[in-house]
Amino acid sequence: SIALTENGKNLFSDRVVVGTADKETPIFSKDMTTIVLNPRWNIPDSIKLSMLLSGRSIESQGYVVMRNGRRIDSTRVNWAKANLSAYNFYQPAGDDNALGVVKLLFPNKHSVYLHDTPSKYLFDKPVRLYSHGCMRVRNPQVFAQTILNIDRGDAAPNVKQLIRRGPMDNEIKLERPIPVHVGYFTVWVDDGGKAHYYDD
């Protein structure tokens, strides 16, 4: 689960989806610096190879290929000899985007962040291990709005309106970065002092 607190007061809490057993979400602390609305998804190298092995062009799978800032046709590349890291694969912003409509960044060496997802049904499952390491949030628009309200007060932009109107890949820098602590607990003590035990 996720919780946003200020001066000991809980401002937001919700369910999350985290990494699978072989792609665990790492434990670390960093500062959240940026919220991206209508993000595009930049495909990590670890996923590019499986996309190429599907037997379909990258474009037919709904993605774009760029090299040195130029869009290229993936069918014209000899992928057996190409350096995958030299090519940027991305999924444009939109209803089917794997990141949904909100991405929350706290730059780290793991390339892990918080984001929306079009697969909302996963939040109803008792065990939610489905990602490649990032954390998916059930109500990211509310979460993003709460963060911006803390950061900017009455001057906070309206997240729902910005998502509806655009622009795409809209980065909003936080004026005051927010500390993010990613942890893993099998025992949790609630506000009443009762201990809750969970499976590993």
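The values are calculated or read from the model by the stated rules, or taken from the named source; none is laboratory data. Remember, it's a predicted structure, so these values are computed and weren't measured experimentally. Virtual Cβ from ideal backbone geometry, glycine too; neighbours counted across all protein chains shown. Accessible surface areas use protein heavy atoms only, side chains included; no ligands, DNA or RNA. Shrake-Rupley method; radii C 1.70, N 1.55, O 1.52, S 1.80 Å.
For the stretch 4-26, a residue qualifies if it is open to solvent by 60 Å² or more (accessible area, probe 1.4 Å) and either under 18 Å from Gln91 (Cβ atoms) or under 16 Å from the mean Cα position of the chain (by Cα) (or both), and the qualifying residues are Arg15, Lys23, Glu24.
Applying the criterion of being in contact with a Phe, Trp or Tyr (Cβ under 6 Å, 6 or more places away or on another chain) and aliphatic (A, V, I, L, M) to the residues of the stretch 59-93, the residue that is nearest to Thr117 (Cα to Cα) is Val64. Pairs meeting the criteria (first residue in the stretch 133-144 and of a type in the set (Phe, Trp, Tyr), second residue open to solvent by less than 60 Å² (accessible area, probe 1.4 Å) and not in a helix (DSSP H, G or I), beta carbons under 9 Å, at least 6 apart or on different chains) are Phe143/Ile2; Phe143/Leu4; Phe143/Phe12; Phe143/Asp14; Phe143/Val102; Phe143/Leu104; Phe143/Leu114; Phe143/Val137.
Total residues in the stretch 21-54 satisfying the condition of being farther than 18 Å from Tyr87 by Cα and free of Cβ contacts under 8 Å to residues at least 60 places away in the same chain: the figure is 1. Selection of the stretch 82-91 for residues being at pLDDT 95 or above and part of a loop (DSSP other than H, G, I, E, B) yields only Tyr87.
Please verify whether Ile35 is open to solvent by less than 70 Å² (accessible area, probe 1.4 Å) and in a helix (DSSP H, G or I), treating the condition exactly as stated.
Working: open to solvent by less than 70 Å² (accessible area, probe 1.4 Å): yes; in a helix (DSSP H, G or I): no.
When the stated conditions are applied, Ile35 does not pass them.
Looking at Gly55, Gly100, Gly94, which one is over 19 Å from the mean Cα position of the chain (by Cα) and in a loop (DSSP other than H, G, I, E, B)? Give the steps one after another, and end with the answer.
Values: Gly100 fails: over 19 Å from the mean Cα position of the chain (by Cα); Gly94 fails: over 19 Å from the mean Cα position of the chain (by Cα).
Step by step, each of Gly55, Gly100, Gly94 is checked, and only Gly55 is over 19 Å from the mean Cα position of the chain (by Cα) and in a loop (DSSP other than H, G, I, E, B).
Among the residues of the stretch 16-39, just one is at pLDDT below 95 and basic (Lys, Arg), namely Lys23. Flag set for Thr117, criterion: in a loop (DSSP other than H, G, I, E, B) and either among the hydrophobic types (A, V, I, L, M, F, W, C) or open to solvent by less than 70 Å² (accessible area, probe 1.4 Å) (or both). The residues of the stretch 120-144 that are hydrophobic (A, V, I, L, M, F, W, C) and in a helix (DSSP H, G or I), listed by number, are Leu122, Phe123, Val142, Phe143, Ala144. Quick one: is Arg128 in contact with a strand residue (DSSP E or B) (Cβ under 8 Å, 6 or more places away or on another chain), surrounded by fewer than 19 Cβ atoms within 10 Å (Cβ to Cβ) and of a type outside the set (A, V, I, L, M, F, W, C)? Yes. When Ser111 is tested against the conditions (1) on the phi < 0 side of the Ramachandran plot; (2) in contact (Cβ under 8 Å) with a residue 60 or more places away in the chain, the lone failure is (1). Within the stretch 80-109, can you find the residues that are more than 22 Å from Ser50 (Cβ to Cβ), open to solvent by 80 Å² or more (accessible area, probe 1.4 Å) and not charged (D, E, K, R)? If the condition is that a residue be more than 22 Å from Ser50 (Cβ to Cβ), open to solvent by 80 Å² or more (accessible area, probe 1.4 Å) and not charged (D, E, K, R), then Pro107 is the only one that fits.
Restricting attention to the stretch 145-190, the residues being free of Cβ contacts under 8 Å to residues at least 40 places away in the same chain, assigned to a strand (DSSP E or B) and surrounded by 16 or more Cβ atoms within 10 Å (Cβ to Cβ) number 0.
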